[in-house]
1. Take residues that are of a type in the set (A, V, I, L, M, F, W, C), modelled with pLDDT of 95 or more and open to solvent by 10 Å² or more (accessible area, probe 1.4 Å) and tell me which of the helices (runs of 4 or more DSSP H) falling wholly in the stretch 68-172 contain 2 or more.
2. Consider Val179 carefully, then state whether it is in contact with a Phe, Trp or Tyr (Cβ under 6 Å, 6 or more places away or on another chain), within 22 Å of Cys59 (Cα to Cα) and open to solvent by 20 Å² or more (accessible area, probe 1.4 Å).
3. What are the residues in the stretch 184-204 that are surrounded by fewer than 17 Cβ atoms within 10 Å (Cβ to Cβ), touching a strand residue (DSSP E or B) at 6+ places or on another chain (Cβ under 6 Å) and among the hydroxyl-bearing types (Ser, Thr, Tyr), if any?
4. Any residue in the stretch 29-51 that is modelled with pLDDT under 75 and part of a helix (DSSP H, G or I)?
Amino acid sequence: MTSENTDTVAPEADWDARAADFDEEPDHGLRDPEVRAAWADRFRAWLPGYPADVLDLGCGTGSLSLLAVEQGHRVTAVDRSPAMTERARTKLAGRAAEILCGDAAAPPVGERRFDVVLVRHVLWALPDPAGALRHWRELLRPQGRFVLVEGVWGTLSPVGMPAGRLTALLEPLTRDLRVERLSAHSRLWGKDVDDERYAVVATV
């Protein structure tokens, strides 16, 4: 297992090249009905119970955005990869969603504000996660919330952001914060996992 001090920056990845097979991972494409249902159940607990404006940063092919829209929310989704955003547009065509190509750390949303900032497996890979969180905090309305899914992957050369590191960054920015440990919930991942996976839901 990893220590609470583990915090690494991801190597630069060619996300355009990975877009074609990105959805093959069970928790990316959510093609397995059980995996999809498991994420949908989490979203019902994490997202507001009313139609909300959700900003999905690092949206990939838009699978989580689609879940949010299906639960009655309005989504603005951002990814820096043109190939990913094109697949997200196809997946969300005709839905209450806007797909933008841009940097997740500084999304191109102008003066707009949101009820939820949703980010999965992105924050750990940013060069300045503390700065990104401060900027995202400014994009939230009063009583808005962060929904952040992160983890630490691998044992020999672990990469990621431990929950302790993320909560330390969030505490000055939020007034209510809870961590949900997700490693034991194999239905979310389509397999058993033994590394650190978790979600942080924090209200501002």
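1. Passing ranges, in order: 163-170.
2. Here the answer is yes, as Val179 does meet what is asked.
3. Thr203
4. Yes.
The values are calculated or read from the model by the stated rules, or taken from the named source; none is laboratory data. Bear in mind the structure is a predicted one, so any value in this text is a computation, not a measurement. A quick note on method: Cβ atoms are made from the backbone with ideal geometry, for glycine too, and the neighbour counts reach across all protein chains shown. Ligands, DNA and RNA are stripped out before the accessible areas are found, and what is left, the full protein with its side chains, is counted by its heavy atoms. Shrake-Rupley method; radii C 1.70, N 1.55, O 1.52, S 1.80 Å.
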